[in-house]
Amino acid sequence: MIVFSSNGEARGYDTFTSITAATSFTAAKISPSADAGTVGNKCRAVLITVESGSINFTIDGTTPTATAGTNIGHTLNAGDSMVISSFENVKRFLMINSEDSNGVVVKATYMF
């Protein structure tokens with residue numbers, strides 16, 4: 001996975017577990033108001049890594065699902081990484097376990 005300087009500088013981090021409902025990135029981290037280094041700035045990109053399990057995700061605001069045979073969204077599996085670029089895509093990003101009880105762990109690094 002290559003992260004380019006045009007994606008910005010890393011200024012925040014999250015770990016997501018037990019994602020049994022559609023989950024977005026932490027609003028206060030993608031559009032912060034308290035950190036002097038990021039006040040007024042919007043997140044330009046997020047590097048996500050699936051540490052275990054797998055997720056279905058969307059970036060258009062559609063709710064991803066984990067229903068066998070009719071999954072909605074793209075799938076990332078354990079070991080996969082991806083950069084979600086542009087504030088609008090970051091804001092609309094939603095993810096869910098691709099299976100109800102797969103013990104998913106997703107890490108996210110926010111770039112400004």
Inset, instruction - Compute the Cα gyration tensor for the range 58-112, then decide on rounded, prolate or oblate, letting a ≥ b ≥ c be the square roots of its eigenvalues: rounded whenever a/c is under 1.5, prolate when a/b is larger than b/c in the other cases, and oblate in all that remain. - result: oblate
Inset, instruction - Note down, for the chain, the three equivalent ellipsoid semi-axes (square root of 5 times each alpha carbon gyration tensor eigenvalue), biggest first, whole angstrom. - result: 25, 14, 12
Inset, instruction - Note down the nm distance, to one decimal, between modelled labels 7 Å out along Cα→Cβ at Ile72 and at Ser52. - result: 2.9 nm
Legend entry - Added length on full extension, which subtracts the Cα-Cα distance from 0.36 nm per residue, Ser86 to Ser24: 20.8 nm
Inset, instruction - Let me have the relative contact order for the chain, percent, based on Cα pairs under 8 Å that are six or more residues apart. - result: 43 percent
Inset, instruction - With only Lys, Arg, Asp and Glu charged, each at its Cβ (+1 for the first two, -1 for the last two), find how big the charge dipole of the chain is about the Cα centre; round to the nearest 20 debye. - result: 320 debye
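Taken together, the values in this text are just the output of simple stated rules run on the coordinates, not laboratory data. From a predicted model like this one, the values you see are computed outputs, not experimental measurements. FYI the Cβ positions are ideal-geometry reconstructions off the backbone, even for glycines, and counts take in every protein chain you see.
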